[in-house]
Amino acid sequence: MVKEKYYITTAIDYVNAKPHVGHAFEKVISDVIARWNRLQDKDVFFLTGVDENAQKNVQAAEKAGIPVKEFVDKNTAFFLELSKKLNISHNDFIRTSASEHGKVVQKIIQKILDKGDIYKGEYSGLYCTGCESYYTEKELVDGKCPEHNTVPEQRKEEAYFFKLSKYQDQLLKLIPKYVTPKSKANEVLVRVKEGLNDINISRKDVEIGVPFPSHEDFKVWVWIDALINYVSGLKSKEKKYWPADTHVIGKGINWFHSVIWPAILLSADYPLPKKLLVHGYLNISGKKMSKSTGNTIDPLDLLEKYNADTVRYSLLRNTVFEDSDYSESLLQQRHNDELANKLGNLVSRVSALAEKYGIEKPVSSKLNSSPVLKSVTKHLENYETDRALNEIFAFIDKTNEYIQKKKPWETKSQTVLYELANAIKDATILLSPFLPETSEKIAKIFNFSLTLKDLKAPLKVSKIKKSPILFEKIK
Ligand SMILES: [Zn+2]
């Protein structure tokens, strides 16, 4: 039987600095969704990568006094290292400086040219290099870029315009079913209803980027270039996986993905992506985390000190849709209170008792996980990784209460120990997209596989050995 395909992407990151923990947040959310869909036996393609063609990479390289290529290579290596150390299960990692990517950008722009959706004009406006984007006076906050809190510069240039306005009605119909959560759909709908201006999609006098087809003294605006990575990153697999099932992005780039991206695809006659997940930001001490303001936590530092599952878990506890606070002390608290005290202790106690007394399958188990599977499925279909995690940990709490109530260390009841071991199996399989390394370890101890089939089947009775400590307490 042919498996159902599932294509998921993260945003591609600017490489003007090392990654901050907000990048790690987006990657782990996407990874959970990718792994969850693999667990459903889907044929998943998961793409992540970096935007190397942005003008702000050039500026950062100049500031550092390093040639652009060398600078970009160095920072891209950090993003690759982050994905590897966080156990991100991406299938490919795109760098937009790759020549194959540029060719796809040119192919799509050519289609839009052929459609008659591009015309030449003159553009003058307020430009934020941080965003690589023009702003209208109205969009500024106290005359400053709302993302970067910097004053944009006045620019005037010859330009090629894309007829964004032509797609207004189609976008108004698309956005409500495309954008999650609803609040983020409404934010862009309000603006689209006010009317869309055509946008300048070319740049003159920039060093890097993709040459504009038929007008090679211009470059393609880096945002169009960047968005097209979602198609170009599939390379020869485009036919199989496009359109994307889910794009995962941060709220700061909602407009580009909710409005500009679908309009480009409509114009170029490509099928539209199905869902856009817009996640909130992680704040440190109530302030937005940002490379440009220096208010950051380096996730690679965290991964030096703590194991991947601890870092993943501490991030995944944050709400997906809203902004929330994050800090290293929260990481430690979540590790100690939840991973060590709840999950680690349960596995350690039950495996020790099962080694001593053995397990025996009862007629029926009091610890039924099927309602948990149902609600976890519902939450993950809606991308609420935090709520799914809450459900699984509520089941772990219930299992911990059961062991206290039944006191198998006194009764030596093999059937109670079976119920507990079976509940650990169920919780672990559900946790496997969140905590891949830990789940592998637990599965080995209790002899099951991390599959939906094993989730639905009772645990096979086998000899169980005491587990080593899964999570050492952090002092
Ligand atoms: Zn900006």
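The values are calculated or read from the model by the stated rules, or taken from the named source; none is laboratory data. Everything numeric here is computed off the predicted structure, so don't read it as measured data. Cβ coordinates were reconstructed from backbone atoms using ideal geometry, including for glycine residues, and neighbour counts include every protein chain displayed.
For the stretch 214-237, filtering for residues that are over 22 Å from residue 277 (Cβ atoms) and either assigned to a loop (DSSP other than H, G, I, E, B) or free of Cβ contacts under 8 Å to residues at least 12 places away in the same chain (or both) leaves 4.
Residue 364 meets the stated requirement of being out of contact with any His (no Cβ under 7 Å at 6 or more places or on another chain), without any contact (Cβ under 8 Å) to a residue 12 or more places away in the chain and small (Gly, Ala, Ser). If I go through the stretch 117-138 residue by residue, how many of them are without any contact (Cβ under 8 Å) to a residue 12 or more places away in the chain and either closer than 20 Å to residue 220 by Cβ or near the ligand (Cβ under 10 Å from one of its atoms) (or both)? Qualifying residue count for the region: 0. May I ask you to verify whether residue 208 is in a helix (DSSP H, G or I), assigned by TED's automatic domain parsing to the domain that holds residue 44 and on the phi < 0 side of the Ramachandran plot? Criteria not met by residue 208.
Here residue 320 fits the description: buried (at least 19 other Cβ atoms within 10 Å of the Cβ), assigned to a loop (DSSP other than H, G, I, E, B), of a type in the set (A, V, I, L, M, F, W, C) and touching a Leu at 6+ places or on another chain (Cβ under 9 Å).
Among the residues of the stretch 184-205, are any touching a helix residue (DSSP H, G or I) at 6+ places or on another chain (Cβ under 6 Å) and more than 21 Å from residue 254 (Cα to Cα)? No, the stretch 184-205 contains no residue that is touching a helix residue (DSSP H, G or I) at 6+ places or on another chain (Cβ under 6 Å) and more than 21 Å from residue 254 (Cα to Cα). For the stretch 260-312, the set of residues classified as touching a Leu at 6+ places or on another chain (Cβ under 7 Å) and modelled with pLDDT under 95 consists of 289 only.
Only one entry in 433, 362, 371, 458 is surrounded by fewer than 19 Cβ atoms within 10 Å (Cβ to Cβ) and within 25 Å of residue 317 (Cα to Cα), namely 371.
If you check residue 31 against the conditions, is it more than 20 Å from residue 249 (Cα to Cα) and in a helix (DSSP H, G or I)?
Values: more than 20 Å from residue 249 (Cα to Cα): no; in a helix (DSSP H, G or I): yes.
Criteria not met by residue 31.
Rundown of residues vs (1) under 30 Å from residue 44 (Cβ atoms); (2) part of a loop (DSSP other than H, G, I, E, B); (3) within 16 Å of the ligand (Cβ to nearest atom), yes/no style:
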residue	(1), (2), (3)
87	yes, yes, no
90	yes, yes, no
103	yes, no, no
148	no, yes, yes
158	no, no, no
185	yes, no, no
191	no, no, no
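For the stretch 171-191, a tally of residues being touching a residue at least 24 places away in the same chain (Cβ under 8 Å) and more than 17 Å from residue 273 (Cβ to Cβ) returns 3.
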